[in-house]
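The values are calculated or read from the model by the stated rules, or taken from the named source; none is laboratory data. What you see is a predicted model, and the numbers here were worked out from it, not measured in a lab. Neighbour counts run over all protein chains shown; Cβ positions are idealised from the backbone, glycine included. Accessible surface areas use protein heavy atoms only, side chains included; no ligands, DNA or RNA. Shrake-Rupley method; radii C 1.70, N 1.55, O 1.52, S 1.80 Å.
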Amino acid sequence: MSVNWKAFTQQISHYQSFVLVSHIRPDCDALGSELGMAEVLRTIGKTVRIINAHRTPPALQFLDPAEGIEVLGDHVEAEDITCDCIMILDTSAWAQLGDMGDFIRAAKCDKIVVDHHVGEDELGATMYKDYQSEATGHLVVQAADALGVPITRSMGMPLFAAIATDTGWFRFPSVTAETYRVIGRLIDAGVVPSEVYGDLYERDTIGRLRLRGTILSRTQVELDGRLMHTYVKKEDFAACGALPSDTEDAINLTLAVEGAQAAVIFVEQLKGGFKLSFRSRCAMDSNKVAQMFGGGGHKAASGAFVEGTLDEVQNRVLPEVRKAVQGEE
């Protein structure tokens with residue numbers, strides 16, 4: 001499903017002011033897409049604010065050195081936000097918008113979605129989606145092309161991080177030759193991959209390191225090594241001196257085990273309930289499993305949130321995962 005960029009550019013031309021929004025617990029694709037799109041729109045003379053429901057994780061603050069991303073409730077109140085258009089990036093689900101969802105529902109202005117995830121809610125927005133795209137960051141590059149905006153180094157750095165992380169640093173099956181062509185253009189614009197990699201993966205805190213040790217020490221193996229699952233309790237963050245955002249990508253470490261084909265991590269949230277992350281490199285469709293629990297994503301990677309204790313959530317979720325790994329309907 002390719003995006004109708006002609007229609008996108010025509011719609012953009014009708015607005016002067018934009019508010020860009022992405023999902024809660026923002027990752028590199030969310031933040032990078034917002035920052036890249038903001039510069040694209042400002043280049044053509046638009047007024048842009050980026051406002052999220054959650055703060056940027058400290059480990060990803062390097063993406064926004066000017067600290068231009070605002071946070072709802074942190075000196076920003078919904079009733080004070082005005083714009084001609086709200087653009088939602090890297091999600092199409094109400095549950096992923098957090099408190100910004102209430103603002104979007106109440107807003108009388110037009111809404112646009114730019115996203116690459118399969119599932120979607122009725123957001124009252126015009127959808128510009130490509131399910132085949134490996135990252136929303138790639139779609140932002142296409143948007144820049146459609147609008148006639150040249151890629152700059154400052155624009156390219158967050159977009160490089162968006163694409164690199166959503167492809168597991170170019171390891172996932174979603175990577176195509178076009179991925180590398182786009183990455184080549186970002187490098188031509190001045191992005192230095194080794195610098196982005198260093199910012200992403202070589203600035204761990206000792207707390208993050210200890211938390212990952214805890215996660216790995218709890219890993220359980222099932223189905224002759226094909227399924228891996230582990231968990232994090234909210235008290236682990238204080239015990240390790242870590243932050244909730246330090247769980248990002250931890251589940252991918254379990255797939256380094258030979259024979260592992262699928263993995264699940266259960267991360268207890270500070271206000272209760274568990275965030276689930278699913279990974280698959282077998283017949284299991286992570287998106288379909290996540291949808292059983294109100295979530296979504298992609299076949300290879302998806303997420304959801306489930307209320308309950310650890311035992312309750314695991315007893316609900318793991319049977320469905322086992323069936324999916326075994327190819328059962």
Here the residues within the stretch 273-299 that are touching a Ser or Thr at 6+ places or on another chain (Cβ under 8 Å), open to solvent by 10 Å² or more (accessible area, probe 1.4 Å) and closer than 15 Å to T167 by Cα are R279, S280, H298, K299
Would you please list the contacts, defined by Cβ atoms under 6 Å and residues six or more apart or on different chains, that run from a residue in the stretch 250-274 that is under 11 Å from T230 (Cα atoms) to a residue that is aromatic (F, W, Y)? V264/F278; F266/Y231; F266/F274
Tell me whether the stretch 306-322 contains one or more residues that are part of a strand (DSSP E or B) and open to solvent by 40 Å² or more (accessible area, probe 1.4 Å). no
Filter the stretch 171-188 for residues that are in contact (Cβ under 8 Å) with a residue 12 or more places away in the chain and closer than 23 Å to R279 by Cα; the one that is least open to solvent (accessible area, probe 1.4 Å) is T179
Collect the residues in the stretch 212-255 that are in contact with a Phe, Trp or Tyr (Cβ under 7 Å, 6 or more places away or on another chain) and assigned to a helix (DSSP H, G or I), keeping them in residue-number order. P244
Under the condition of being part of a loop (DSSP other than H, G, I, E, B) and open to solvent by less than 30 Å² (accessible area, probe 1.4 Å), which residue from the stretch 1-21 is nearest to L276 (Cα to Cα)? V3
What number of residues within the stretch 191-234 satisfy the criterion of being among the aliphatic types (A, V, I, L, M), over 29 Å from K271 (Cβ atoms) and either open to solvent by less than 40 Å² (accessible area, probe 1.4 Å) or not assigned by the TED database to the domain that holds S154 (or both)? 4
Which of (1) exposed (fewer than 14 other Cβ atoms within 10 Å of the Cβ); (2) part of a helix (DSSP H, G or I) does E258 not meet, given it meets every other one? (2)
Take the residues in the stretch 152-170 that are open to solvent by 30 Å² or more (accessible area, probe 1.4 Å) and not in a helix (DSSP H, G or I), then tell me which one is nearest to E34 (Cα to Cα). T152
Sort out which residues of the stretch 262-272 are open to solvent by less than 60 Å² (accessible area, probe 1.4 Å) and farther than 15 Å from E320 by Cβ, and write them in order of number. I265, V267, E268, Q269, G272
